[in-house]
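The values are calculated or read from the model by the stated rules, or taken from the named source; none is laboratory data. What you see is a predicted model; the values in this text were computed from it and never measured. Don't worry about glycine lacking a Cβ; one is built from the backbone with ideal geometry, like all the others, and counts go over all protein chains shown. What goes into the accessible areas is simple: the full protein's heavy atoms, side chains included, and nothing from ligands, DNA or RNA. Shrake-Rupley method; radii C 1.70, N 1.55, O 1.52, S 1.80 Å.
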Amino acid sequence: PFKETQVLSALEVVSMRRGSFKLGLDLRRNGHMLPGLDVGEEAIFKLMVGLRALEFDKPLPPEYDYGVLKALRDAGKIMDRGVESININSTTSLGRKKATYTLPVRRQIETKISRYEYGLTTVEGRLVMLDMEEDKLRCRLRPSIGEPLLCSYDEELSDQIEKYLRKFVRVHGDAIFDKETCKILNLNIKDLESIEESSA
């Protein structure tokens, strides 16, 4: 679940040391996690793998979507205040990783983000899953052709979304596209209507 993943991946400041400026961060843990099943450690490891890929202009891991890149770009705003580089060292049960966030890395992130495009779109398919968390409302739409789409929606559409679960619908909304593949990465539903299965 999204909220649980968020909690398990949260980093807290646990120490400050001398030098240019050093912060020690750690995962919040009340007990021991099972080896290989720690979502937080996995998230850190993949974050570091992606940062290294950005640093050396290599292909990014599949988990590095628009949201991750946007968060990293926003974190890099500290460089507008005279910070030249951020050296990151991590040690988890999955191994040790080092990465450096510099202005060229920030430019790489901005270039990757520019790959995404926004626009209004209409998609037909079957609503197949709901995921209602405290801070996010999401569902999946399975088109007749292609992979299921991850969708988000506002609270005022909740009743309508629940009503049409497992039915064929036509949805209209704001989409994030991958310019290179033309694939819809996320669709924010603004309106939907039921359609007959025969016409779908």
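Could we say that Leu60 is hydrophobic (A, V, I, L, M, F, W, C), assigned to a loop (DSSP other than H, G, I, E, B), in contact (Cβ under 8 Å) with a residue 12 or more places away in the chain and surrounded by 15 or more Cβ atoms within 10 Å (Cβ to Cβ) here? Spelling it out, Leu60 is indeed hydrophobic (A, V, I, L, M, F, W, C), assigned to a loop (DSSP other than H, G, I, E, B), in contact (Cβ under 8 Å) with a residue 12 or more places away in the chain and surrounded by 15 or more Cβ atoms within 10 Å (Cβ to Cβ).
Taking (1) under 29 Å from Leu47 (Cα atoms); (2) in contact (Cβ under 8 Å) with a residue 24 or more places away in the chain; (3) in a strand (DSSP E or B) in turn, Arg140 satisfies each apart from (2). The residues in the stretch 83-122 that are open to solvent by less than 60 Å² (accessible area, probe 1.4 Å), without any contact (Cβ under 8 Å) to a residue 40 or more places away in the chain and not polar (S, T, N, Q) can be counted, and the count is 3. Kindly evaluate Gly119 against the criterion of being closer than 23 Å to Glu180 by Cα, of a type in the set (Gly, Ala, Ser), modelled with pLDDT under 90 and assigned to a strand (DSSP E or B). Against the criterion (closer than 23 Å to Glu180 by Cα, of a type in the set (Gly, Ala, Ser), modelled with pLDDT under 90 and assigned to a strand (DSSP E or B)), Gly119 qualifies. Determine whether Leu51 is assigned to a loop (DSSP other than H, G, I, E, B), open to solvent by less than 80 Å² (accessible area, probe 1.4 Å) and in contact (Cβ under 8 Å) with a residue 40 or more places away in the chain. So Leu51 does not fit the description; no.
Would you check if there is a residue in the stretch 140-156 being farther than 24 Å from Lys3 by Cβ, in contact with a Lys or Arg (Cβ under 7 Å, 6 or more places away or on another chain) and surrounded by 12 or more Cβ atoms within 10 Å (Cβ to Cβ)? Yes, the stretch 140-156 contains a residue that is farther than 24 Å from Lys3 by Cβ, in contact with a Lys or Arg (Cβ under 7 Å, 6 or more places away or on another chain) and surrounded by 12 or more Cβ atoms within 10 Å (Cβ to Cβ). Going through (1) on the phi > 0 side of the Ramachandran plot; (2) under 21 Å from the mean Cα position of the chain (by Cα) one by one, Pro62 falls short only on (1).
Of the residues in the stretch 36-45, at least one is out of contact with any helix residue (DSSP H, G or I) (no Cβ under 8 Å at 6 or more places or on another chain), more than 25 Å from Arg106 (Cβ to Cβ) and at pLDDT below 85. Of everything in the stretch 161-200, what is open to solvent by 60 Å² or more (accessible area, probe 1.4 Å) and either in contact with a Ser or Thr (Cβ under 9 Å, 6 or more places away or on another chain) or within 14 Å of Met129 (Cα to Cα) (or both)? Give them in sequence order. Passing the criteria: Glu162, Lys163, Arg166, Lys167, Arg170, Asp174, Lys179.
Taken as a whole, the condition of being part of a helix (DSSP H, G or I) and surrounded by fewer than 19 Cβ atoms within 10 Å (Cβ to Cβ) does not apply to Gly76.
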